[in-house]
Amino acid sequence: MSLVAAAGILLAAGPWVLSDFWLSLAMTCMMYSALAVSWAMFSGTTRYLSLATSALFGLGTYTTAMAMQHLPWPLLIIGGGLVSALFALLVGAAVMHLRGTYFAVLTFGLGELVRHSITYTEKSVFGTVGRVLTEVPSNETLYWTMLVLALLSIVTYKLVSASRLGMAMRGIGADEQRAATFGVNTRATKLAGFALSAWFAGAVGAAMAVRWTYIDPHSAFSPLIGFQTVLIAMIGGATTWRGPVIAAIGLSLLSDALRLNFPHAYLIILGVLLIVCVLFIPGGLASIRWKKIFNRNHGGLVAGHKEAA
């Protein structure tokens, strides 16, 4: 906790020391840190592969688009999270009995379902598609909001891991039937974990909506956001919070560089990276024993020097 607090104090000075470009990149890193850590909090422990992040993020984005003129900024963020959490509870109640490929495909389909539903509703009711944001908070306010959400996701992950809910979710991930025989209410546990994870996706979506002056279903429910969230969590290691944070920073920087230099191929490169990670590092970067590797390499260098002497 002290390390997280120290990092938060240091990063809080960002708006005063960073240029606009680096400030924007830092917000992207914090966005994916919050999304990946909260995704890992549920999917990494229960092993229920959720692909609903784009739907939950989009619902938060549209909450801002619809309520920007009526709610103060803090309530807007909380409200975006609550809309997504409520949606996760309703959907989870219907599909949480599924697992594996079926659960993944259905949660991915949520994004498309909600996107097309909102498009149809806007065309039918309002006669247009999309919303224009005229009054938005400053970049500094958005930066500090994203910093708070990223830090809150880490703190929540640590608190949940040490709680009965976290223990129950780990039991479900290890063996759901055995967890049920030991008295775990698996359905309630999965719904609670899924809704808590969804709150962060919705809150992040509500905050990041103001980066766009025009919000439409295509941009709000972009599958790329969900894909990159899963990619970051799996490469970093979905069983810890440190892995997703490190991977979020690294892949956000990599994605930005690839998007500038290889605009038509960077998604292919990211896909190949995910395949390589799944094949050769299934537990993510967090599963690699870096200390052991360092000690082995260091020991080899020392032995080589001794032989040379």
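The values are calculated or read from the model by the stated rules, or taken from the named source; none is laboratory data. Computed from a predicted structure; not experimentally measured. Neighbour counts run over all protein chains shown; Cβ positions are idealised from the backbone, glycine included. Note: accessible area is taken over every heavy atom of the protein model, side chains too, but ligands, DNA and RNA are not part of it. Shrake-Rupley method; radii C 1.70, N 1.55, O 1.52, S 1.80 Å.
If the requirement is being within 20 Å of Phe227 (Cα to Cα) and either open to solvent by 50 Å² or more (accessible area, probe 1.4 Å) or not in a helix (DSSP H, G or I) (or both), which of these qualifies: Tyr48, Tyr62? Walk me through how you get there before you give the answer.
Working: Tyr62 fails: either open to solvent by 50 Å² or more (accessible area, probe 1.4 Å) or not in a helix (DSSP H, G or I) (or both).
Unique residue meeting the criteria: Tyr48.
Taken over segment 87-103, the residue count meeting the criterion of being assigned to a helix (DSSP H, G or I), over 15 Å from Met66 (Cβ atoms) and open to solvent by 40 Å² or more (accessible area, probe 1.4 Å) is 6.
Set side by side, the residues Ser24, Ser84, Ser38 differ, and just one is part of a helix (DSSP H, G or I), within 22 Å of Leu224 (Cα to Cα), among the small types (Gly, Ala, Ser) and open to solvent by 20 Å² or more (accessible area, probe 1.4 Å), which is Ser24. Which one is farthest from Leu18 (Cα to Cα) among residues in segment 104-144 that are outside any helix (DSSP H, G or I) and touching a helix residue (DSSP H, G or I) at 6+ places or on another chain (Cβ under 7 Å)? The selected residue is Thr128. Considering segment 178-190, the residues that are in contact with a Gly (Cβ under 8 Å, 6 or more places away or on another chain) and open to solvent by 30 Å² or more (accessible area, probe 1.4 Å) include one that is farthest from Ala40 (Cα to Cα), namely Phe182. Filtering segment 87-111 to residues that are farther than 16 Å from Gly226 by Cβ, in contact (Cβ under 8 Å) with a residue 60 or more places away in the chain and of a type in the set (A, V, I, L, M, F, W, C) leaves Leu89, Ala93, Met96.
To keep it simple, each residue is scored yes or no on (1) touching a Pro at 6+ places or on another chain (Cβ under 8 Å); (2) within 30 Å of Arg178 (Cα to Cα); (3) not charged (D, E, K, R).
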site	(1), (2), (3)
Ala40	yes, yes, yes
Ala65	no, no, yes
Met68	no, no, yes
Trp73	yes, no, yes
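The residue that is surrounded by the most Cβ atoms within 10 Å (Cβ to Cβ), counting only those in segment 127-165 that are closer than 22 Å to Gly193 by Cα and of a type outside the set (A, V, I, L, M, F, W, C), is Ser153. Among the residues of segment 195-212, at least one is surrounded by fewer than 18 Cβ atoms within 10 Å (Cβ to Cβ) and either at positive phi or in a helix (DSSP H, G or I) (or both). Between Ser197, Ser163, the distinction of being without any contact (Cβ under 8 Å) to a residue 24 or more places away in the chain and of a type outside the set (Lys, Arg) belongs to Ser163 only. Sub-8 Å Cβ pairs linking a first residue in segment 241-262 that is under 20 Å from Met41 (Cβ atoms) to a second residue that is modelled with pLDDT of 85 or more and of a type in the set (D, E, K, R), at least 6 apart or interchain, are Trp241/Lys158, ordered by first then second residue.
Do the conditions hold for Leu110, that is, is it of a type outside the set (D, E, K, R), under 30 Å from Ala174 (Cα atoms) and open to solvent by 70 Å² or more (accessible area, probe 1.4 Å)?
So Leu110 fails the test.
Considering (1) out of contact with any strand residue (DSSP E or B) (no Cβ under 6 Å at 6 or more places or on another chain); (2) surrounded by 16 or more Cβ atoms within 10 Å (Cβ to Cβ), the lone condition that Ser124 does not fulfil carries the number (2).
Whenever a residue of segment 129-146 is over 19 Å from Leu11 (Cα atoms) and basic (Lys, Arg), its partners that are open to solvent by less than 50 Å² (accessible area, probe 1.4 Å) and part of a helix (DSSP H, G or I), lying with C-beta atoms within less than 6 angstrom and at least six residues away or across chains, give the pairs Arg131/Ala65. Evaluate segment 65-74: report whether one residue or more is crowded, with 24+ Cβ neighbours inside 10 Å, touching a Ser or Thr at 6+ places or on another chain (Cβ under 9 Å) and either of a type outside the set (Ser, Thr, Tyr) or not in a helix (DSSP H, G or I) (or both). No, segment 65-74 contains no residue that is crowded, with 24+ Cβ neighbours inside 10 Å, touching a Ser or Thr at 6+ places or on another chain (Cβ under 9 Å) and either of a type outside the set (Ser, Thr, Tyr) or not in a helix (DSSP H, G or I) (or both).
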